[in-house]
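Taking it in order: structure first as structure tokens, then the write-up.
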Amino acid sequence: MLSDLSELPQRKASGTKVSVLTAGDYPTARLLDEAGIDLILVGDSLGMVIHGLPDTTGVTMEMMVLHTAAVCRGVKRAPVIADLPFASYRTPEEAVANSKRLMDCGAAAVKLEGGVAMLPQVKAIIAAGIPFVGHIGMLPQSVKEEGGYKKKGKTSEQIDLLIADARALDEAGAVAIVLESMVADVATEITRLVHASTIGIGAGVGTDGQVLVTHDLLGSFPWFRPSFAKARADLAAETLRAAREYIETVRSPA
Ligand code: KIV
């Protein structure tokens, strides 16, 4: 179990994979921490699975601050990574100011989406002494420009861009890089090339670790689950069962 981000390089060297799950609330964070998860991500996917938004572009800093604070109150050990939401890092100054707000909630690092194009922001965050996690590949905050969620790394041009992004973030000093929805061989190659720990989602098994949205793991958001996300519980069915049992008991008390 990790208790500090500084343990990541040793994990990479040893080949012991890093487990990461998302949380947006106190009980989930506390349970994941007690279960021994390595890292907890307050991902902006919470906009979809908690707030019911159609994508992550409607998530605000105010939402991320509230959720990050709730998660950090529940965690005793696991380092917490907090997402900078859409339009919260348009300039290096804005990126640093908003990263500080998330760190003040108790986060151990911040994450933003993008590679070479975001280097000024990334360098400013790291220069401010804030541990940084990158995120490349399919970028949910760019879903509108991209016209949907598209797997990356299918053409040699895309592969070159992904490798350039990963190298740029690595050289800037990212402690970890999320590789989302990309061809597995490309994710494995990036993992070999960079010092940072790679955390994959829909990117095969060759990364240094894996991240999953906890609602997908628990089956608590049954209306959509990506094909790569294996549900290991069915909380939607259990919620319906318990609620229906309660309704029956209230209507017909014994
Ligand atoms: O917001 C999120 O949950 C994420 C993961 C999908 C990596 O960024």
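The values are calculated or read from the model by the stated rules, or taken from the named source; none is laboratory data. Since the model is a prediction, treat every value here as computed from it, not as a measurement. As a convention, Cβ positions derive from the backbone with ideal geometry for all residues, glycine included, and neighbour counts pool all protein chains shown. When the accessible area is computed, the model is the full protein with side chains, heavy atoms only, and any ligands, DNA or RNA have been set aside. Shrake-Rupley method; radii C 1.70, N 1.55, O 1.52, S 1.80 Å.
Can you give the FRET efficiency to the nearest 0.05 for Ala35 and Arg192, using r as the Cβ-Cβ distance and R₀ = 45 Å?
Between Ala35 and Arg192 the formula returns 0.90.
Output ³J(HN,Hα) for region 107-119: one whole-Hz value per residue in order, computed from phi by the Karplus curve 6.51 cos²θ - 1.76 cosθ + 1.60 with θ = phi - 60°, and x for Gly and Pro.
So the J values, rounded to whole Hz, are 5, 9, 6, 10, 10, 9, 9, x, x, 3, 5, 9, 4.
Treating only the Cα positions of region 10-159 as identical point scatterers, give the base-10 log of I(q)/I(0) from the Debye formula at each q in 0.12, 0.16 Å⁻¹.
-0.51, -0.91
What list of ³J(HN,Hα) couplings, whole Hz, do you get for region 209-226 from phi and the Karplus terms 6.51, -1.76, 1.60, once you set θ to phi - 60° and write x for glycine and proline?
Each residue of region 209-226 in turn: x, 9, 10, 9, 6, 4, 4, 6, 4, 8, x, 9, 10, x, 6, 7, 9, x Hz.
As a test of reading the structure, rank Glu145, Glu113 by solvent-accessible area (1.4 Å probe, protein chains only), most first.
Glu145, Glu113
Taking Rh as the Kirkwood radius, which is the inverse of the mean 1/r over Cα pairs, what is the Rg/Rh value for the chain?
Result: Rg/Rh = 0.99.
Going Cα to Cα from Lys123, which lysines come in below 21 Å? Please leave out same-chain ones fewer than 8 positions away.
In chain and number order, the partners are Lys100, Lys111.
Could you work out the relative contact order of region 100-254? I mean the mean sequence separation of Cα pairs under 8 Å and 6+ apart, divided by the number of residues, in percent.
16
State, as an integer percentage, the relative contact order of region 5-212 based on alpha-carbon contacts under 8 Å between residues 6 or more apart.
With pairs under 8 Å counted, the relative contact order is 19 percent.
Full-extension gain between Ser227 and Glu62, please, as 0.36 nm times their residue separation minus the C-alpha to C-alpha distance.
Value of the extension gain: 56.3 nm.
Exactly which trypsin sites (Lys or Arg not before Pro) in region 71-176 are in a DSSP loop and have at most 15 other Cβ atoms within 10 Å?
Passing sites in region 71-176 are Lys76, Arg77, Arg90, Lys150, Lys151, Lys154.
Quick one: work out the % antiparallel among DSSP beta bridges in the chain, nearest 5.
Of those bridges, close to 5 percent are antiparallel.
Against the longest alpha carbon principal axis of the chain, how many degrees, from 0 to 90 and to the nearest 10, is the axis of helix 235-251 turned?
20
Could you work out how far apart the two model spin labels at Ala87 and Arg244 are, taking each label as a point 7 Å from the Cα in the direction of the beta carbon, and quote it in nm?
4.2
Would you work out which of Gly36, Pro54, Val194 lies farthest towards the positive end of the dipole of the chain? Charges go on Cβ: Lys and Arg +1, Asp and Glu -1.
About the Cα centre, the residue reaching furthest to the positive side is Gly36.
Considering only C-alpha atoms, what is the centroid distance from region 76-107 to region 219-247, in Å?
31
Through the Karplus equation 6.51 cos²θ - 1.76 cosθ + 1.60, θ set to phi - 60°, convert the phi angles of region 140-145 into ³J(HN,Hα) values in whole Hz; use x for Gly and Pro.
So the Karplus estimates, Gly and Pro as x, are x, 5, 9, 4, 6, 4 Hz.
Determine, from the Cβ-Cβ distance of Arg251 and Tyr149 and an R0 of 35 Å, the FRET efficiency 1/(1 + (r/R0)^6), rounded to the nearest 0.05.
Taking R0 as 35 Å, the efficiency between Arg251 and Tyr149 is 0.25.
Quick check on the chain: helices-only [θ] at 222 nm, where DSSP H runs of length 4 and up contribute -39,500 (n - 2.57) each and the sum goes over total residues. Nearest 500, please.
Rounded to the nearest 500, the figure is -12500 deg cm²/dmol.
To test your reading of the geometry: what angle, between 0 and 90 degrees and rounded to tens, separates the Cα axis of helix 156-172 from the longest principal axis of the chain?
On a 0 to 90 degree scale, this one is about 90.
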